[in-house]
Every structure is written in C-alpha cells, then in structure tokens.
Amino acid sequence: MTKEEKILNKKRKKNIKLYYLYKIFSFDLLFYYAISFLYLNSYQGLSAAQIIFADAFYPIFKIIFQIPVSVLTEKFGKRTSLIIGNSSLALYIIFILGCKSTILLIISNIFMALGFVFKNLSESNLLYDSIPSTSTKQKLFSKIEGRSSAIFYIFDAFTCLLSGFLYIINPNIPIIMCLLCAVISFIICHFFTNLPDDITNPDSLHNKYENSISSLKQYTRNLKNAFKFIFSSKRLRSLIYFNAIQYSTIYLLISYRRSLLEDIGVNSQSIGIIFALLGIASGIGSILSHKINKLLKNKTLTYLGLYYAFSIILSGLVVALNIPYALMLTIIVLMLLIQFFIKGPYYTLIKQYLGSFSNSSMRVKILTANYIIEGIVASSLSFLGAGLLTITNTANASIIVGSSVFIILILLLEYMNSRVGLKPDEYKESEINFKEVV
C-alpha cells in the first residue's frame, strides 16, 4: 500500500467514525416532532389545516432547490454542503420560534427545504465515498447507515420523552433545544474530510472550463443526459416512483398522526412518551434493516409499503368507529409503532437501492431526480391532505389517504415485479451503465 493510499484510508476511517456522531444530532430534528404540532396549533394558534397547507410548500421548495444545490454540491463538495445545510436548518428553527401566521410558516419552510436538500444530497453520498470499493461495499454501507440511524432513533426517543415534559414548563424550551442540536451538527460538519471524488476546489473547475457559466452548462448537459438514462432505466424509474409514493405518505403522516393524537385528547407528556416508544421502534427497525432485506429479499419494498398503508387505515378506522378509548389508544399506538419500525429500515434500504451500480457523481444526479419526483408527489398529497381536513376530521382523512395509497402501491408493485430486485447480471447493460458527457 502506497503512502497516498494509507492517507486516503485514514481519511475514510475518520469520516466513518465521525458519521456516527454527526448522525446522532443531524439525521433529523431532535426535540421537535413530538411537540411541533402542539406548539404550532395550541401555542402559536395555527389550525391543523393551516399547518398542513404551509407544510405542503416544503416539497415545492425542495424541487426548486434540487438542481441549483446539485450544482453547488458537485462544485464545492459534500463537507461544505453539509455546513450550509445544517446552518439553514438552524435558521428554520429560529423562524419557528416566532411563527404565528401561515405566511411565516411557509417562509420558514424555505430554509428547511434548503437545509434538507443540501443534507440529503451529501450525507449518505459522503458515507458511500468513505467506504473502500470492494465487493462488500453495499453491505457495509447498509450496516453503517442502519446502525447510525438506530443510534439516532434511540437518542431521538430520549429527546421526545424529554420534550413532552419540557413543553409543560415552557413551550419554547424544546424548540430552543432543537436549535442547539442544529448548531452542534453545524460544528461537527467542519471536521469531515473531503475525499478525491469531491469537487472541492473551484479553481480546478475554472481550469477545466473557461468560466463558471460554461461549467454550469457542462453540468446541465451531464444532468440532462443523466435524467434520460434514469428515466429510461426501468429499475431506477420503478424505485423513484415507489419512493415518491412512500415518502409522500410518510411526510403527510408527520402532521396527521399528531393531529389524530390531539383529536382524541392525548396530552403533551403522553405524546412525548408515545414518540419515545416510536423512536425506539425506528431504532430497532434500522438495526435490523440488513436482516430484513436479507429475509424478505426482492419483496422487501412490498411488505414495507403495504403494511405502512394498512396501519394508516386501521388507526383512522378505530377512531371513526368510536370504540372504547383504552382499546382505541392501544391500537393507534400499535399502528404507529408499525409505521416507525418500517420507517427505520426503509430510509436505509431505499438509499442503498438507488445508489447501486453508480459512482459518486451519478448518485448525486439520481438523488436529484428522485427528490424532484418525490417533491412533486409529496406536495400534491399534502395539499390534498390539507383539503381533506377542511371537510372532514383526521380519522376519516386517514382512512381515505391510507386506502388510496394501498391501491396505488398494489398497482405499482405489480409493475415493479420484473424490474426491481434482480441480480446484477440479470439487468441489461443499458439499465446500469452510464457515462458522463464529455
């Protein structure tokens, strides 16, 4: 092994170790989701329909930012992108602290979208680049991503439990704690090391192209060519469409489940305890993601998607039928546990599937295409979800959404049956082979 290879391996190991610590604080917003709906609804005075309506703009902003952020990520590297992303999330939390209108909530979602677009295009890709290219690379990625997610979910469970009690003391305290975690994430980002696959020196781009405009044109040509490849690949097209439906449902349920719990009279302490249990369920699911994939094989997405949709239907149905409260709450909590258990491995595995058979640059383009489609569908479903709450209650809306998603997934999974989950040698070369424009 040469001196350069030893230095590179050292950088990779540093990034992987740091990734575990980073993900504890930055995989998602800590101290926030357990009380966010209660905070915006009861403390800031926004209605459920207003909250979901404003949140529907978040996927739209993600679509707007996808291509510009993709260009910046490839130009300045993943480390810088993570710094920008986490600072944007800190600004989002600052806006939430003073958010008393729908307009302010929509504006705050601009910063949230910008933050998560930068993070989503960089985090898993940085980890993937940090793992040496061997026959076990995908397996190692899945294990590291799953374990780090599990650690986050366990920590998240503790913060959810704590936030419910802190809310009673002062509703602003959990939000301030969330801001503190975002600042810690921002600091940790500075300690990541850039790797050779990153385009980290703007001057090198200037040398390759006459100016920044020609650089953008070159990237645009590559991106256009990549999109043609992505949507001509039945495997990638199937995965992107499936993820668009599944992600959109998960996103809408962030507000729906909190609204449902408030509708049946669950207080902030109990919500904190419930979300702590849900965090543990996600952690267990993440730890088992590799084993789940190994057990279910090419039926993994089928089971994860359909069970998730069924749990939404049942949680709304028990409220609509007005069964005894204790039994109703028990069933709802069980359905939420299923949803969070599924969410843990799903996020890990979909990143693995989308990143298969691609290099670092191509993964950014695949993720860009994925997030654009994801954003369009999530925004549409969120507007529909907000509209449903203006004409009916959360329970009935959950039944309608869950049933619709269940039917769509059955049709989509039938389409995917012969296109996803094959062995590498069973795919056509045109399905997995992509070359940059030169």
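The values are calculated or read from the model by the stated rules, or taken from the named source; none is laboratory data. Worth saying up front: this structure is predicted, and the values here are computed from it rather than measured. Positions of Cβ are generated from backbone atoms using ideal geometry, with glycine treated the same way; all protein chains shown enter the neighbour counts. Just so you know, the surface numbers come from the protein's heavy atoms only, side chains and all, with ligands and any DNA or RNA stripped out. Shrake-Rupley method; radii C 1.70, N 1.55, O 1.52, S 1.80 Å.
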Original post:
Does any residue of region 8-22 turn out to be assigned to a helix (DSSP H, G or I), modelled with pLDDT under 90 and closer than 30 Å to Leu389 by Cα?
Top reply: no
Original post:
Just a yes or no: is a residue in region 321-338 in contact with an Asp or Glu (Cβ under 8 Å, 6 or more places away or on another chain), of a type in the set (A, V, I, L, M), touching a residue at least 12 places away in the same chain (Cβ under 8 Å) and open to solvent by 10 Å² or more (accessible area, probe 1.4 Å)?
Top reply: no
Original post:
Just a yes or no: is a residue in region 334-349 closer than 30 Å to Leu162 by Cβ and more than 20 Å from the chain's Cα centre (by Cα)?
Top reply: yes
Subject >> Wholly within region 130-214, helices (runs of 4 or more DSSP H) carrying at least 3 residues that are within 30 Å of Lys291 (Cα to Cα), at pLDDT 75 or above and open to solvent by 10 Å² or more (accessible area, probe 1.4 Å) >> reply: 137-169
Original post:
When you look at Phe31, is it assigned to a loop (DSSP other than H, G, I, E, B) and open to solvent by 10 Å² or more (accessible area, probe 1.4 Å), yes or no?
Top reply: yes
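Per-residue answers, yes or no, for (1) open to solvent by 20 Å² or more (accessible area, probe 1.4 Å); (2) of a type outside the set (Asp, Glu); (3) at pLDDT below 90:
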residue: Ile230; (1), (2), (3): no, yes, yes
residue: Arg235; (1), (2), (3): no, yes, yes
residue: Ile250; (1), (2), (3): no, yes, no
residue: Ser255; (1), (2), (3): no, yes, yes
residue: Gln269; (1), (2), (3): yes, yes, yes
Original post:
Here is a list of conditions, (1) touching a Ser or Thr at 6+ places or on another chain (Cβ under 8 Å); (2) closer than 22 Å to Tyr153 by Cα; (3) at pLDDT 90 or above, and Phe111 meets all of them except one; can you say which number that is?
Top reply: (2)
